[in-house]
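Working notes for the structure below.
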Ligand SMILES: Cc1ncc(COP(=O)(O)O)c(C=O)c1O
């Protein structure tokens, strides 16, 4: 945090930036590798596609999971040695990009129609059938165990496998991404065991030579700081027998969350109806999660000594501070009330653990304010 706080104080006013530490992603990858004992890790670049963070993932992970033709192109350009393509509503662009990508890849098929598109594009590589099966896992963004737009209904898997065979496509296994931000290590391990068991049974029934079981991402790293217990996950996966299939994980959030900070500057302080407000340069159009999920993102105050104005510098002491952004909507709240000892206009607020699904899901065109700086720091 020291590098970030030093940096936060030094930025020109009015400061607003995304700050990334590729080293933090590399650290998380190392821990995950230990916990997953040699199984394959693909980085889901949708979580954070900052070029420096992506470069660190290309270096440290086994490959990159993509969800669009453009992501495939970006990952290939970044030097990814292996790719996977997931995601709903794939079009000819995705199929053609997959067919013309040089790095080894696997396409995760979401529907029977996608098989036709893929074959038509001339794709000859491995295919995994994405299946919406099993109980819902605890976490956010549940994609399986209930009616969602993702994957095949298990009842449609035999027809999909038969159609793939008719088209000459090589079905090597299954893809079962289920959830995001699962903080329950035992439940996640249960998902892995169940995916393997289900895949072997389905492959036997369908005559598929099972080489690939992808359990998806979903390892928890909450923007409020809580992280899945990798030690507990490793214990619960001890002695896992994959039956000869490659077991693949494709986490995004767990790897990227701690690698990004959002930084804003307080441009105004005021009290309305007894509530203390800080108004900042920036807001939920840059860091959308607090508005989308309805939580308060914790922040650290970085005091700035400089004051270049003739008017007295507004200041609050010992106050529950509501932090709002520059948007014309009462929903632009980054934190609904965090206790702060002292805060002044011109100070910076740093929101940590914001790297996953931060800038990537922003809607920054609203009101046409300047975009935040994108800064990469060495170390963490
Ligand atoms: C298919 C697929 N794989 C992997 C991920 C990454 O999930 P997470 O960031 O929760 O690890 C997602 C996220 O939506 C996804 O849809």
note = Listed residues 46, 90, 270; largest mean-square fluctuation, Gaussian network over the chain with Cα springs below 10 Å, found at 270
task = Any chance you could check the Cα centroid distance between segment 83-161 and segment 50-72 for me, in angstrom?
result = 19 Å
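For a test of the definition: using alpha carbon positions, the gyration tensor, and the 1.5 limit on a/c, classify segment 302-359 as rounded, prolate or oblate.
On the way: a/c = 1.66, a/b = 1.62, b/c = 1.02.
In terms of gyration-tensor shape, prolate.
Can you give me the relative contact order of segment 22-257 as a percent, contacts being Cα pairs under 8 Å and 6 or more apart?
Answer for segment 22-257 is 20 percent.
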request  = Find how many whole Å separate the alpha carbon centroid of segment 181-253 from the alpha carbon centroid of segment 15-31.
outcome  = 25 Å
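How many percent of DSSP beta bridges within the chain run antiparallel, rounded to 5? Write down the numbers at each step before the final one.
Numbers: 29 of 65 bridges.
Beta bridges within the chain, antiparallel portion: roughly 45 percent.
Tell me the relative contact order for segment 1-110 as a rounded percent, counting alpha carbon contacts under 8 Å between residues six or more apart.
19 percent
Before anything else, pin down the relative contact order of segment 43-157: Cα pairs under 8 Å, at least 6 apart, normalised by residue count, whole percent. Don't skip to the answer; put the middle values down first.
Details: 197 pairs, mean separation 20.6, N = 115.
Rounded, it is 18 percent for segment 43-157.
How do 271, 264, 101 rank when sorted from fewest to most other Cβ atoms within 10 Å of their own Cβ?
Working: 271 10, 264 29, 101 21.
By the 10 Å Cβ count, ascending: 271, 101, 264.
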task = Could you please rank 182, 328, placing first whichever residue has the fewest other Cβ atoms within 10 Å of its Cβ?
result = 328, 182
note = Binned at 10 Å starting from 0, the alpha-carbon pair-distance distribution of segment 134-228 in whole percents comes out as 16, 44, 29, 10, 2
ask   = Among rounded, prolate and oblate, which fits segment 13-87 when a ≥ b ≥ c are the square roots of the eigenvalues of its C-alpha gyration tensor, a/c under 1.5 means rounded, and a/b larger than b/c means prolate?
value = oblate
message = Please state the shape class of segment 22-150: rounded when a/c is under 1.5, otherwise prolate if a/b exceeds b/c and oblate if not, all from the C-alpha gyration tensor.
response = oblate
task = Let me see the pair-distance distribution of segment 338-377: every alpha carbon pair, 5 Å bin width, integer percents in order.
result = 5, 13, 20, 23, 19, 17, 3
query = Over all directions, what mean area does the Cα convex hull of the chain project, stated in square nanometres?
reply = 19.6 nm²
remark   = Fewest-first ordering of 174, 7 by Cβ atoms within 10 Å yields 7, 174
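Is it possible to state the helix-based mean residue ellipticity at 222 nm for the chain, with each DSSP H run of 4+ residues giving -39500 (n - 2.57), the sum divided by total residues, to the nearest 500 deg cm²/dmol? What is it? Before the final figure, lay out the partial values.
Numbers: 11 runs with 110 residues, N = 380.
After summing the helix terms and dividing by residue count, I get -8500 deg cm²/dmol.
Every read-out reported here was derived from the displayed coordinates using simple, explicitly stated rules and does not represent laboratory data. Owing to the predicted nature of the structure, the values given are computational and were not obtained by experimental measurement. Ideal geometry is used to build each Cβ from the backbone, glycine not excepted, and the neighbour counts take in all protein chains shown.
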